[in-house]
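Here the structure is laid out as structure tokens; the discussion comes afterwards.
The values are calculated or read from the model by the stated rules, or taken from the named source; none is laboratory data. Every value quoted in this text rests on a predicted model; they were computed, and no experiment measured them. Virtual Cβ from ideal backbone geometry, glycine too; neighbours counted across all protein chains shown. The accessibility values were calculated without ligands, DNA or RNA, using every heavy atom of the protein model including side chains. Shrake-Rupley method; radii C 1.70, N 1.55, O 1.52, S 1.80 Å.
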Amino acid sequence: FVVATIIPKFEDTRKATREKAKPEDTPKNSLMILNLATGERTEMEKVASFSIAAKDSGWIVYRPEPPKPEPAKPADKPAEGKEQPKQEPPKQEGPQKKKGHGEGFTIVARNLATGEEAKFENVGAYVTDEKGARLFFVKTPKTVEGHGVFVYDFEAKSERQIMEGLAQYTRLALSEGD
């Protein structure tokens, strides 16, 4: 297999820049997967990045661009002369997300031979082991629940949490061996 990033045409990018298009409206990279044995070509639009393990296991992990945000709906205006009472947000007890506890993005693990995919939401960082047998990733959901480090076994198609808790997991690194 050959996997490559296809960047948008220069003219399209330049036009969007000159028109001062919003980031979500600018041309995005695509991902191309070419099966050398059959010549079959698969393209996926709007892919931010991808990675393959050093010793290929037949899986690729890619990060699609986030979906375009929904346009904001105009807020209902109160009737003339009537003021709405201000509501204070409810106070939360227990751990709370702080600055730096960003929301994650979506990644997709794809089997190159079969096209089978596994999708992971709210991922902050990820890395595959050298053999490409497992995917390690950090989950950073919007709420304070469900944070931690997880591992996905490609062969067993199973996910399990190996570290739990609200923290800033900024980078994952693996040592050799099991």
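Look at the dipole of region 14-61 built from charges on Cβ: of 51, 61, 16, the Cα furthest out on the positive end belongs to 16. Scalar couplings 3J(HN,Hα) for region 8-23, obtained by applying the Karplus form with A = 6.51, B = -1.76, C = 1.60 to θ = phi - 60°, are x, 4, 4, 4, 5, 5, 5, 4, 4, 5, 5, 7, 6, 5, 5, x Hz; x denotes Gly and Pro. The accessible surface of region 20-70, taken with every protein chain in place and a 1.4 Å probe, is 50 percent carbon and sulfur.
Summing charges over neighbours of residue 53, with a neighbour being any other residue whose Cβ is under 14 Å away from its Cβ, gives -2 when K and R count +1 and D and E count -1. Here's how it looks for residue 163: its modeled amide H is under 5 Å from those of 149, which are all 5 or more places away or on a different chain. Annotation: peptides 161-174, 38-51, 126-139, ranked by per-residue average of other Cβ atoms within 10 Å with the highest first, follow the order 126-139, 38-51, 161-174.
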